[in-house]
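Report on one structure; see the data block that follows.
The values are calculated or read from the model by the stated rules, or taken from the named source; none is laboratory data. The structure presented is a predicted model; accordingly, all values stated were derived computationally and were not measured. When we count neighbours, we look across all protein chains shown, and the Cβ atoms used for this are built from the backbone with ideal geometry, even at glycine.
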């Protein structure tokens, strides 16, 4: 399957008709600075917004209108060598690929560690550390064949045994890895990560230079799953030193870059001269983690960064600015923001209570007013995912019906309900949701905002009554949303919902003989989801970008500077124009 496509080919361009550089693999943003990283992960659970933190050549940039408008207009003359670039980013929560759970961490680690596969600009799966793979006739076994001679950045060989060790390390039940459910299609994987099965029973093994994976059922998407940053390959000997927010001394990776230095405001990456695809065009990438109190536009205009996400409020005037407008980019995002209930305890263990709260909120209007007409989420699966149904699975807005359902559950007018708390990491929708519940259901909900760096742990350890999440695709398949987020026992099923009929529908989709049968099975799952309402989808917008993605400023002459729909950057695809 190695057709000559090179992930480090800097063919991106500022000309919207040009061919951009390769995209990245893979899980929200305020106008004053880059947003806290989402949490989806591959399952980067996004919690407040979606990724857009950095750059990857996936889609051609969008050219902005060159008209004058209010606001800053002067872009300073900044001297750039061909060997460095500065991008806005976030300090990682960990340097262990298997433990990453937010998009900011994944965006950085995707530069430092490669997986067996990756995505090209059309979201097709391509070879990376594996130069090819084969699928057994029954679809239940895949064999990934490693490239000959590949090595880590210190020159030590990357072996099939290293891959097996890393993936089993991800599943280790003592580690509670956020995205361990990515491997649930593998024989014995779910049982092992849940502590009810043995490591030896997991269907992953090394055979020479190949990694052989046995699946419970045929899973057409599994080669895409392998592209997740959570399944990237780190040296097994370094495993114990990587679970830290600071890179270990003598950092060793498998990706295009290695960590050269860190300080309070930046992380400096150097090109890996032993990278399997050849040294990247940009020798040094400085990930700026502290804008020094400047907002993103000022940080870009002052030359502090060459690439930075900006909010919709800034994009509205930037697109008309003569000098900054041509450097404005609109980028797609395969993402969804949704609200969920803790279905494991009262009152939301009762479907009638969930329906009451869901029907009491005009989710369409909230998304429309906040993010624009294209943003309204009609299902948990966002547009752009292959095979996605265009049917509307959003619960109805029915205040009278909501009050009737609450009364039928034994809480007329909200009387008798325990105190209800909504915890999020801060979204533009929270207050509207709380107010509509109060107005249409007569129930007061206490809203609490949790710091983004603590939010994921809160969801895992003490799930609130009501919570929110933004999720960006780990791989372009419906299973990444319907299965990873809501299948019984999934590590990302924060509300603890458990529905055998729903799981059976997902299983049927995995076994489906063709697209039509798969679509029928997923439609059945979506109908169950709409009726049982463990979660409610709200918006497909990232950074309020009217449902298409997010906005960023990218320096003129920086080639390959755009994010993929997966939201993960690929620094190896960057280059400065001559």
Worksheet entry | Residue within the range 96-110 that is modelled with pLDDT of 95 or more and either part of a strand (DSSP E or B) or out of contact with any helix residue (DSSP H, G or I) (no Cβ under 8 Å at 6 or more places or on another chain) (or both) present | no
Item to complete: For the range 374-416, enumerate the residues that are out of contact with any helix residue (DSSP H, G or I) (no Cβ under 8 Å at 6 or more places or on another chain) and in a loop (DSSP other than H, G, I, E, B).
Response: 378, 383, 384, 386, 388, 390, 392, 410, 415, 416
Worksheet item: Do we have residue 433 as touching a strand residue (DSSP E or B) at 6+ places or on another chain (Cβ under 6 Å) and at pLDDT 90 or above here?
Response: no
Response to the item:
Among (1) surrounded by fewer than 22 Cβ atoms within 10 Å (Cβ to Cβ); (2) touching a strand residue (DSSP E or B) at 6+ places or on another chain (Cβ under 9 Å), residue 455 falls short only on (1)
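Out of 310, 297, which single residue is crowded, with 24+ Cβ neighbours inside 10 Å and either under 25 Å from the mean Cα position of the chain (by Cα) or at pLDDT below 95 (or both)? Give the derivation first.
On the way: 297 fails: crowded, with 24+ Cβ neighbours inside 10 Å.
Answer to the selection: 310.
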Worksheet item: Tally time: how many residues in the range 178-199 are closer than 25 Å to residue 146 by Cα, part of a loop (DSSP other than H, G, I, E, B) and at pLDDT below 95?
Response: 3
Worksheet entry | Counted residues, the range 214-233 - those being part of a helix (DSSP H, G or I) and surrounded by 23 or more Cβ atoms within 10 Å (Cβ to Cβ) | 6
Worksheet item: With respect to the numbered conditions (1) under 30 Å from residue 557 (Cβ atoms); (2) surrounded by 23 or more Cβ atoms within 10 Å (Cβ to Cβ); (3) assigned by TED's automatic domain parsing to the domain that holds residue 440, which one is the sole condition not fulfilled by residue 384?
Response: (2)
Item to complete: Please state which one of 163, 202 is farther than 24 Å from residue 482 by Cα, surrounded by 23 or more Cβ atoms within 10 Å (Cβ to Cβ) and modelled with pLDDT of 95 or more.
Response: 163
